[in-house]
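Undergrad: Provided herewith is a single structure, encoded as structure tokens, for subsequent inquiry.
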Amino acid sequence: MSARDEILARVRGAVADVTTPPGSGPRTPVVDVPSPGVAETLELFAENVADYRATVLRAAPADVGAIITDTLRTHGCRSVVVPTGLDREWLREVESALEVRPETEVATAADLSSVDAVVTASAVGIATTGTIVLDHRADQGRRALTLVPDTHICVIRADQVVHDVPEAVGRLRPDADGPRPLTWISGPSATSDIELERVEGVHGPRTLVVVVVTATEHGSPAEHHEAGPA
Amino acid sequence: MTPPIPAEGDPAAYGSADPTAAPTVAGPVQRTSATFIGMPKFPEAARVALANTQQRRNLHHATHTIRAKRAAVVDELPQWEALRVAGAEAKDEALTHLGDYLEQLEANLTARGAVVHWARDAQEANAIVLEIVRAKEVDEVVKVKSMATQEIELNEALEAAGINAWETDLAELIVQLGHDRPSHILVPAIHRNRSEIREIFSHEMGKVGRPAPSDLTDEPARLAEAARLHLREKFLRARVAVSGANFAVADTGTLVVVESEGNGRMCLTLPETLISVVGIEKVLPTWDDLGAMLQLLPRSSTGERMNPYTTMWSGVHEGDGPQDVHVVLLDNGRSHVLADRLGRQALRCIRCSACLNVCPVYERTGGHAYGSVYPGPIGAVLNPQLRGTTSDVDKSLPYASSLCGACFDACPVRINIPELLVELRGKVVEEGGHTAESVAMKAAAWVLSDPKRLAGAQKAATTAGRVIGKRTIRSVPGLGAWTNARDLPTPPTETFRQWWVREHGDEGGPR
């Protein structure tokens, strides 16, 4: 008998006492903590992201480019890699200030290791945990992009921030195109392995800056997002 | 608002409550791995650990720190109890229909380009991994911290075949470079303090790669920086990585790895080939089950609202990450545990280690005395179930507890560890494991089952009491193990029955 058939036979024999079909057992629904309001959710998100020692900045849609440029300068970054689908509006100012390298030109991990920073969009934010989730679509790039460079600037629209974890899991549920790779990020890389003392920055980016884009009456950030190449 | 919580000990929570249900058939037990063969029983190993005052100090500090962090973030969630119930139910649903969910998981993984392998035991799992690594013609792999690969001693198997397995989690690196064994599920180097770690890094890093900086101090930030530099060259050149998985979602074919440092992301993203060794009990029925699990695990484990990094992948993702993806589904005694209607709840374990951090026994002895990669309260129930109760250490583990119940309260998936410990003690006694105790219990049963014998025994006891008087009994011949830490109460000079007869004569009182 193959290992597969034998293990399946073993686990079926082991639960021979169970006569109910799959999916018929008791399942307690997992209930979201309800959002007290959009402003409060955004405030909690910013508070929790900052609590894990990431920097949180707020921006109107028109100011995103300037904030990205300022942040890169503040952190002494000379080169930055960007995903192919990133909003071009965000990059106009950066391109005149420092070396911007498209994702496709930075092919290997060693190449990425020589770049100082990465700028991406994001998929979902979670207020109760201070988490950002990347689903690595064209405006976020492949997974290695946000892993190897030491500074990650992550732009998130206010309407992408949900209040609690179950809602985020729901939004990220795979669609007809199948599951996407996901990276959940809560603060910069950290360890508590030495005497339980928290140290920020082991292998992933040691600096994480989250830019929250709040819509104004002059234009919805969603329009900017969709304007970028898909 | 809060959904009802099932009564504690409700058998419906673990499987069928139907008394006419078919008998279960247990798979084979796990063979004790080479490292732990001949381990002394827990009290002997614990005595050695207790004499190590440095280790006791490190453990006290670490367990109390993490305990307080966990309590604070659990208190933030008013719905915590409902989440625990949901987590337990998700695991029970998967475990009681494991065959169906494993087949679904396999089908979804295969459809997305992963190669699924099945391993009956440790030896088979190691052989599968070795064959994949050999086909890639490499002499090293990078590893994400994984309990399953520790359990099967994969590193030892790879090294015997001339392949270096580099642990990349900071604590695992400390353990590996120190030629040591992990002593905690989450923070395996919890028994080491900063100056010990500095010594290990300074002496050992240079032997296997980039040496530690010559001016290395014992500041945790400097030590972490040394690890970052040492490991980066390994991450950038590695072609094969080995991981475990915290969860395997059946209905999407998604594997989940939860971590803090980014070493996991490095291993799961950069190499060409990724091999994940996953215990068959890691299956979750549906994607939505992550909604509870991703709250329960980080808050219980590191005491954070969310761990810094979680990676999810479903087979091969074109142009992103490893393009050669293997998943090894491992039994190794799990189908044996599953057959026990009460004991199967131990397979819900999500390896958070909350039970270790609240355990008064673990806090004092540390992890090594448990004789397994699974220490603490969960190890005390899981090891004797996975490996059977034949060895000295496995026979003694159900007794490595004061039954205070803190572990059950802390468990995010409501494993009733004290209940299982009592059950396993009964099993050990039935098998004749603790002979002195079972002889004493049999003698007591013989005496108590007959009023004449009881009266005779009481007479003997009160006679002894009058002889001993007010002296304290410090030890009793033949009961050395019991009395070496306890004084025995002096027997009374008169029993209640004797008092009644003296005061009231035979005037129809109690007989």
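Undergrad: Taking chain B as the reference, fit the longest principal axis to its C-alpha atoms, fit the long axis of helix B:376-387 to the helix C-alpha atoms, and give the angle between the two in degrees, 0 to 90, nearest 10.
TA: For B:376-387 against chain B, the angle is about 80 degrees.
Undergrad: Determine the shape class of the range B:36-93: with a ≥ b ≥ c the square roots of the Cα gyration tensor eigenvalues, call it rounded for a/c under 1.5, and otherwise prolate if a/b is greater than b/c, oblate otherwise.
TA: Details: a/c = 5.36, a/b = 1.65, b/c = 3.25.
Note, shape of the range B:36-93 comes out oblate.
Undergrad: Restricting the count to DSSP beta bridges whose residues both fall in the protein assembly as shown, what percent are antiparallel, rounded to a multiple of 5?
TA: Numbers: 24 of 72 bridges.
If we restrict to bridges inside the protein assembly as shown, about 35 percent are antiparallel.
Undergrad: Can you order the peptides B:223-229, A:76-82, A:116-122 by their average number of other Cβ atoms within 10 Å per residue, highest first?
TA: Details: B:223-229: 21.7, A:76-82: 19.4, A:116-122: 25.1.
Going by the mean number of other Cβ atoms within 10 Å, highest first, we get A:116-122, B:223-229, A:76-82.
Undergrad: Ok, one more. Using a simple charge model, +1 on the beta-carbon of Lys and Arg, -1 on the beta-carbon of Asp and Glu, nothing else, what dipole does chain B show about its Cα centre, in debye to the nearest 20? Write out the running numbers ahead of the final one.
TA: Working: 55 positive and 63 negative charges, 453 e Å.
Rounded to the nearest 20 debye, it is 2180 debye.
Undergrad: Next up: Taking the Cβ of B:VAL373 as the center, what net charge do the other residues with Cβ under 11 Å away carry, scoring Lys and Arg +1 and Asp and Glu -1?
TA: Numbers: positive: B:ARG181, B:ARG351; negative: B:GLU151, B:GLU153.
Summing Lys and Arg as +1 and Asp and Glu as -1 gives 0.
Undergrad: Does the range A:1-122 come out rounded, prolate or oblate by the C-alpha gyration tensor, with a ≥ b ≥ c the root eigenvalues, rounded set by a/c under 1.5 and, if not, prolate when a/b is larger than b/c and oblate if not? Spell out each step's value before the answer.
TA: On the way: a/c = 3.81, a/b = 1.80, b/c = 2.12.
Here the range A:1-122 falls in the oblate category.
Undergrad: If each residue's Cβ is checked for other Cβ atoms within 10 Å, how do B:TRP80, B:TRP500 rank with the fewest at the top? Present the calculation step by step, with values, prior to reporting the outcome.
TA: Working: B:TRP80 18, B:TRP500 15.
In increasing order of surrounding Cβ atoms, one gets B:TRP500, B:TRP80.
Undergrad: Further question on the same structure: Would you tally the net charge around B:LEU59, using a Cβ to Cβ cut-off of less than 14 Å, leaving B:LEU59 out, and scoring K and R as +1, D and E as -1?
TA: Details: positive: B:ARG56, B:ARG57, B:ARG67, B:ARG192, B:ARG364; negative: A:GLU195, B:GLU196, B:GLU363.
Around B:LEU59, the surrounding residues sum to +2.
Undergrad: Hey, got the average number of other protein chain Cβ atoms within 10 angstrom for residues in B:255-267?
TA: Per residue, the number of nearby Cβ atoms from other chains is 5 on average.
Undergrad: Now, a different point. Once a ≥ b ≥ c are taken as the square roots of the eigenvalues of the Cα gyration tensor of the range B:257-308, is the result rounded (a/c under 1.5), prolate (a/b larger than b/c) or oblate (a/b not larger than b/c)? Please list the in-between numbers first.
TA: Numbers: a/c = 2.31, a/b = 1.25, b/c = 1.85.
The shape class here is oblate.
Undergrad: How much of the calculated P(r) for the range B:258-402 lies past 23 Å, in percent of all Cα pairs?
TA: Value for the range B:258-402: 48 percent of Cα pairs lie more than 23 Å apart.
Undergrad: Could you tell me how many degrees, from 0 to 90 and to the nearest 10, lie between the Cα long axis of helix A:64-74 and the main elongation axis, the longest principal axis, of the Cα atoms of chain A?
TA: Around 80 degrees separate the two axes.
Undergrad: A further question follows. How many angstrom separate the Cα center of the range A:16-58 from the Cα center of the range B:334-351?
TA: 27 Å
Undergrad: When Cβ neighbours within 10 Å are restricted to other protein chains, what is their mean count per residue of peptide B:387-400?
TA: Details: counts 0, 0, 0, 0, 0, 0, 0, 0, 0, 0, 0, 0, 0, 0.
Partner Cβ neighbours, averaged per residue: 0.
Undergrad: Okay, moving on. How far is helix A:38-51 tilted, in degrees, relative to the longest principal axis of the Cα atoms in chain A, given as a value from 0 to 90 rounded to the nearest 10?
TA: Helix A:38-51 sits roughly 90 degrees off the main axis of chain A.
Undergrad: Using the Cα centre as the reference, give the magnitude of the dipole from point charges on the C-beta atoms of the range B:50-112 (Lys, Arg: +1; Asp, Glu: -1; all else neutral), rounded to the nearest 20 debye.
TA: Working: 8 positive and 9 negative charges, 152 e Å.
For the range B:50-112, the charge dipole is close to 740 debye.
Undergrad: Right, something else. Looking at chain A, send over the antiparallel percent of its DSSP beta bridges, to the nearest 5.
TA: Looking only at bridges with both residues in chain A, the antiparallel portion is about 30 percent.
Undergrad: Below 8 Å between Cα atoms, with a sequence gap of 6+, how large is the relative contact order for chain A in percent? Mind dumping the intermediate values first?
TA: On the way: 406 pairs, mean separation 58.9, N = 230.
Relative contact order here is 26 percent.
Undergrad: I want the antiparallel fraction of DSSP beta bridges within the range B:36-330, as a percent rounded to 5. Mind showing how you got there, number by number?
TA: On the way: 9 of 33 bridges.
Here the share of antiparallel DSSP bridges comes out near 25 percent.
Undergrad: Could you work out the mean count of beta carbons from other protein chains within 10 Å of each residue's beta carbon in A:173-181? Can you show the working numbers first?
TA: On the way: counts 6, 8, 0, 0, 0, 8, 12, 6, 12.
The mean count of partner-chain Cβ atoms within 10 Å per residue comes to 6.
Undergrad: Take the protein assembly as shown, compute every pairwise Cα distance, and split them into 10 Å bins from 0; I just need the percent in each bin.
TA: In whole percents, the pair-distance histogram is 3, 13, 23, 24, 17, 9, 5, 3, 2, 1, 0, 0.
Undergrad: Let me ask something else about it. Treat each spin label as a single point 7 Å out from the Cα along the C-beta direction, and report the B:GLU431 to B:LEU488 distance in nm.
TA: Modelled inter-label distance: 3.0 nm.
Undergrad: Positive end of the charge dipole of the range B:263-362 (Lys, Arg +1 and Asp, Glu -1 on Cβ, about the Cα centre): tell me which of B:HIS326, B:ALA354, B:MET306 has its Cα farthest that way.
TA: So the residue furthest toward the plus end is B:ALA354.
Undergrad: Using only DSSP helix segments of four residues or longer, with each worth -39500 (n - 2.57), what per-residue ellipticity at 222 nm results for the protein assembly as shown after dividing by its residue count and rounding to 500?
TA: Values: 30 runs with 308 residues, N = 741.
Result for the protein assembly as shown: -12500 deg cm²/dmol, rounded to the nearest 500.
Undergrad: Let me ask something additional. Using the Karplus equation 6.51 cos²θ - 1.76 cosθ + 1.60 (θ = phi - 60°), what ³J(HN,Hα) coupling, rounded to whole Hz, does each residue of the range B:205-214 give in order, writing x for Gly and Pro?
TA: Once rounded to whole Hz, the list reads 4, x, 6, 10, x, 4, x, 5, x, 5.
Undergrad: Could you run the Karplus curve 6.51 cos²θ - 1.76 cosθ + 1.60 with θ = phi - 60° over the range B:177-183 and give me ³J(HN,Hα) per residue in whole Hz, x for Gly and Pro?
TA: 5, x, 6, 10, 10, x, 10
Undergrad: I need the phi-derived Karplus couplings for the range B:100-107: 6.51 cos²θ - 1.76 cosθ + 1.60, θ = phi - 60°, integer Hz, Gly and Pro marked x.
TA: Per-residue couplings from phi come out as 5, 6, 5, 5, 5, 4, 4, 4 Hz.
Undergrad: Dipole of the range B:36-330 (Lys/Arg Cβ +1, Asp/Glu Cβ -1, origin at the Cα centre): which of B:ALA227, B:ALA94, B:LEU83 lies farthest to the positive side?
TA: B:ALA227
Undergrad: Taking neighbour counts of Cβ atoms within 10 Å as a proxy for exposure, in what order, fewest first, do B:GLU261, B:GLU318, B:GLU430, B:GLU44 appear? Intermediate values should be presented prior to the final figure.
TA: Working: B:GLU261 29, B:GLU318 7, B:GLU430 10, B:GLU44 13.
Arranged by neighbour count, lowest to highest, B:GLU261, B:GLU318, B:GLU430, B:GLU44 become B:GLU318, B:GLU430, B:GLU44, B:GLU261.
Undergrad: Of B:LYS41/B:LYS442; B:LYS69/B:LYS143; B:LYS91/B:LYS282; B:LYS143/B:LYS234, which sit over 19 Å apart, Cα to Cα?
TA: Cα-Cα > 19 Å for B:LYS41/B:LYS442; B:LYS69/B:LYS143; rest within.
Undergrad: Follow-up. Taking H placed 1.01 Å from N in the peptide plane, check which residues at least 5 places from A:VAL81 or on another chain put their amide H under 5 Å from its amide H.
TA: Amide H neighbours of A:VAL81: A:ARG101, A:ALA117, A:VAL118, A:VAL119.
Undergrad: For chain B, what is the relative contact order in percent, using Cα pairs closer than 8 Å and at least 6 residues apart in sequence?
TA: Details: 840 pairs, mean separation 106.1, N = 511.
Relative contact order, chain B: 21 percent.
Undergrad: Right, another one. By average Cβ neighbour count within 10 Å, what is the ranking of A:174-185, B:455-466, B:326-337 from highest down?
TA: Values: A:174-185: 17.7, B:455-466: 13.8, B:326-337: 24.9.
Ranking, from highest mean packing down: B:326-337, A:174-185, B:455-466.
Undergrad: Might you report the magnitude of the Cβ-based charge dipole of the range A:36-125 about its Cα centre, with Lys and Arg at +1 and Asp and Glu at -1, to the nearest 20 debye? Walk me through the intermediate numbers first.
TA: Numbers: 7 positive and 15 negative charges, 30 e Å.
Its charge dipole is roughly 140 debye.
Undergrad: Normalise the Debye intensity by I(0) for chain B, one equal point scatterer per Cα, no solvent, then take log10 at q = 0.09, 0.13 Å⁻¹ and round to two decimals.
TA: Log10 of I(q)/I(0), two decimals: -0.70, -1.31.
Undergrad: Related question: For a quick check: sort A:ILE126, B:ILE275, A:ILE67 by the number of other beta carbons within 10 angstrom, fewest at the front. Mind dumping the intermediate values first?
TA: Details: A:ILE126 29, B:ILE275 26, A:ILE67 20.
Sorted ascending by nearby Cβ count, the order is A:ILE67, B:ILE275, A:ILE126.
Undergrad: State, to one decimal in nm, how far the label point of B:ALA21 lies from the label point of A:GLU43, with both points 7 Å from Cα in the Cβ direction.
TA: 5.0 nm
Undergrad: May I pose another question? Roughly how many nanometres apart are two label points built 7 Å out from the Cα toward the Cβ at B:ASP409 and B:SER202?
TA: About 4.3 nm separates the two model spin labels.
Undergrad: If you don't mind, there's one more thing I want to ask. Roughly how compact is the range B:36-330, stated as its Cα Rg over 2.2 N^0.38 Å to two decimals?
TA: Values: Rg = 19.7 Å, N = 295, 2.2 N^0.38 = 19.1 Å.
The value comes to 1.03.
Undergrad: Taking amide H positions as placed in the peptide plane 1.01 Å from N, state which residues far from B:HIS117 in sequence (5 or more) or on other chains have amide H under 5 Å from it.
TA: B:VAL327, B:VAL328, B:LEU329
Undergrad: Report, by chain and number, residues whose modeled amide H sits under 5 Å from the one on B:PHE247, excluding near sequence neighbours (fewer than 5 apart, same chain).
TA: B:VAL256
Undergrad: OK, next. Going by average Cβ neighbours within 10 Å, how do the peptides B:153-159, B:379-385, A:143-149 rank, with the highest at the top?
TA: Numbers: B:153-159: 18.7, B:379-385: 27.7, A:143-149: 25.4.
Order by mean packing, descending: B:379-385, A:143-149, B:153-159.
Read the figures in this text as sums done on the coordinates, not as results from a lab. Note that the coordinates shown come from a computational prediction; the quantities given were computed from them, not determined experimentally. Every residue, glycine as well, gets a Cβ built from its backbone with ideal geometry; the counts of neighbours run over all protein chains shown.
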